[in-house]
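Novice: Sending over a structure as structure tokens; questions will come in a sec.
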Amino acid sequence: MPGKTGLGGFALKARHTSWLRLCLGVTVLFYFGSGCATYSDRMKVAQEQVKAGNYQAAVDDLNKFMGTPEGQLPDKFNSDTALAVLERATLEQALSEFQKSARDFGAGDQELQLLDIANDTAGTIGKYFFSDSSTKYKASPVEKLSLNGFNMMNYLALGQMTGASVEARRFTVMRNYLNEFEPGHPHAAFGSYLAGFTFAQQGDYGRAMRYYDEALQAGSLESLREPISRLSKLTNYRGQYIQKFLDEHKAAAVPADHTGSLIVAVNIGRVPYKVPERMPIGAAIGIAGSYISGNPAVLGYSAFKVVVYPELVQPSSLYNKVSMKVDDRSAQLDLATNLGVEIKNEYENLKPKIIGAAISRMIVRAATAEGVRQAGNQQDAALGWVLALATEASMVAMDKPDTRSWMFLPDRVYLYQARLKPGTHSIEIQLGGSNGSTVSHSVEIAPNGYAAVIVTAPR
């Protein structure tokens, strides 16, 4: 009998060891191999194509991603499709396919929801960033503002003033939203600049000057010296920044026969985008502060001492400067907006809420795992530990931070405008230094008309 008991105990111990090994295997499988790839992971091929300047290949990859042959709009928009359409619109603009780009920006604008940062009283923003990408993408206010600004460029390039005016008004709605949330800070001044040009071409001089006043909030823009001086004789509007600009800048001398206008927009680089990042729990608690819900003390039982959250990373930029010639004479482009800085500032304001949501979810996981551990301890302490580890690891693996963002949004927007004699004019734009790329355009300007040159190079 003693021998049978020993053999039985040996068999039980062997089965117990096998069970522990199985649990450990499941834990490793969940923690290291579970869950879907993040948005930034799935965009890696397109990112490499864009980095190499192969915009059409990147568009083809986005079409496969969305299941839209020949660049058609999706039949249905899922959680990621509207964002992918936005990415494709940017690359179509880079290919000078302005009609397609305008269509895609318009479709994306209708489908995209706004990430309402101004009215977040219940911490819903933090929770959104840990939705496991299951909800429809919500564009940040800076992204929505930029969308209307870039689509304004498309309509200006197409000579469609009605479309440009519509985008200008949509831009205003979003800019007013941001001004109420964060007064005193300029946002996407390039959109205000383009809107001013749009309404000036339509003879609405007072409205044009209001937009130029908004653009000057971001700083002095030399290329606005001539149009503001000219419009100041056609309207009585004087905003805070307009009056200061007029006082500090002499009117630009323009020959009387220069009755046409040239507008140039050069968009280079890429804004920071989101990737999964790890942070030690202690540092995370210090950042999140009051945005944590639950008792952090339970994290002492947790086997995972890091927080995984979406962090911004800055992609390398091939084009770090830009220069231009108009009819073989140097012309100074104004840096109207650094969107990368605006995206980063916007995200840093949200970061405590995002990390707070990550820690709150860790607290829930740790509490659940601790309950499983105590239940397992009734049979065996090792079994309780392994079951708790497996439970927590599986929950961590399924809880992916949302890394979706407008990855191909250009980082910097340069603008220029001038009055020219009607006729044919040559525009030469140098992207980067001597080893960069040269883009050449020949434009025709009609009397009292305009020509728009749009160059987008998100690399």
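Every number in this text was worked out from the coordinates using simple rules, so none of it is lab data. Treat the numbers as computed from the prediction; the structure is a model and nothing was measured. All Cβ positions, even for glycine, are placed from backbone atoms using ideal geometry, and neighbour counts span all protein chains on display.
Novice: Can you pull the one-decimal nm distance between simple spin-label points at VAL275 and ASP204, each 7 Å off the Cα toward Cβ?
Specialist: 4.4
Novice: Between SER293 and LEU114, what is 0.36 nm times their sequence separation minus the Cα-Cα distance? Round to one decimal in nm.
Specialist: 62.0 nm
Novice: Output wanted: per-residue J couplings in Hz (rounded whole) for the range 335-344, from phi through Karplus 6.51 cos²θ - 1.76 cosθ + 1.60, θ = phi - 60°, x for Gly and Pro.
Specialist: Running phi through 6.51 cos²θ - 1.76 cosθ + 1.60 with θ = phi - 60° gives 6, 7, 8, 9, 5, x, 5, 5, 4, 5 Hz.
Novice: Under a Cβ-only charge scheme (Lys and Arg +1, Asp and Glu -1), can you give me the dipole magnitude of the range 148-291 about the Cα centre, in debye to the nearest 20?
Specialist: Dipole about the Cα centre, nearest 20: 140 debye.
Novice: Return the sequence-ordered ³J(HN,Hα) values of the range 239-249 in whole Hz as given by the Karplus equation 6.51 cos²θ - 1.76 cosθ + 1.60 applied to θ = phi - 60°, using x for Gly and Pro.
Specialist: x, 4, 7, 4, 4, 5, 5, 5, 5, 9, 10
Novice: Search the structure for amide H atoms under 5 Å from the amide H of ALA331, placed 1.01 Å from N in the peptide plane, and list their residues when 5 or more places away or on another chain.
Specialist: Under 5 Å from the amide H of ALA331 lie the amide H atoms of MET324, LYS325, VAL326, each far enough along the sequence or on another chain.
Novice: So, in nm, how far is label GLU48 from label ALA252 when the simple model puts each one 7 Å beyond its Cα toward the Cβ?
Specialist: Taking the simple label geometry, GLU48 and ALA252 are separated by 4.4 nm.
Novice: I've got another one for you. Under a crude label model (7 Å from the Cα following the beta-carbon direction), how far is GLU348 from HIS441 in nanometres?
Specialist: 3.4
Novice: Once phi is turned into ³J(HN,Hα) by the Karplus curve 6.51 cos²θ - 1.76 cosθ + 1.60 with θ = phi - 60°, what whole-Hz value does each residue of the range 79-84 show in order, with x for glycine and proline?
Specialist: So the J values, rounded to whole Hz, are 4, 10, 5, 4, 5, 5.
Novice: Oh, and also: For VAL271, which sequence-distant residues (separation of 5 or more, or a different chain) have an amide H within less than 5 Å of its own amide H, given hydrogens modelled in the peptide plane?
Specialist: LEU409, ASP411
Novice: For the range 224-292, which chymotrypsin sites (Phe, Trp or Tyr not before Pro) pass both filters: DSSP loop (anything but H, G, I, E, B) and at most 12 other C-beta atoms within 10 Å?
Specialist: Within the range 224-292, no chymotrypsin sites (Phe, Trp or Tyr not before Pro) qualify (loop, at most 12 other Cβ atoms within 10 Å).
Novice: Ranking GLU111, GLU222 by Cβ neighbours within 10 Å, fewest first, what do you get?
Specialist: With the fewest neighbours first, GLU111, GLU222 line up as GLU222, GLU111.
Novice: Long-range amide H contacts for THR403: which residues qualify at under 5 Å (H placed 1.01 Å from N, peptide plane, sequence gap of 5 or more or a different chain)?
Specialist: Correct list: TYR39, SER40.
Novice: Taking the Cβ of each residue in LYS250, LYS144, LYS344 as the centre, tally the other Cβ atoms inside 10 Å and list the residues starting with the fewest.
Specialist: By the 10 Å Cβ count, ascending: LYS250, LYS344, LYS144.
Novice: Within a 10 angstrom radius of the beta carbon, how do ILE285, ILE242 rank from fewest other beta carbons to most?
Specialist: With the sparsest Cβ surroundings first, the list reads ILE285, ILE242.
Novice: Looking at the square roots a ≥ b ≥ c of the eigenvalues of the Cα gyration tensor of the range 231-290, which shape do they give, rounded for a/c under 1.5, prolate if a/b is larger than b/c, or oblate?
Specialist: Since a/c reaches 1.5 and a/b is larger than b/c, the shape of the range 231-290 is classed as prolate.
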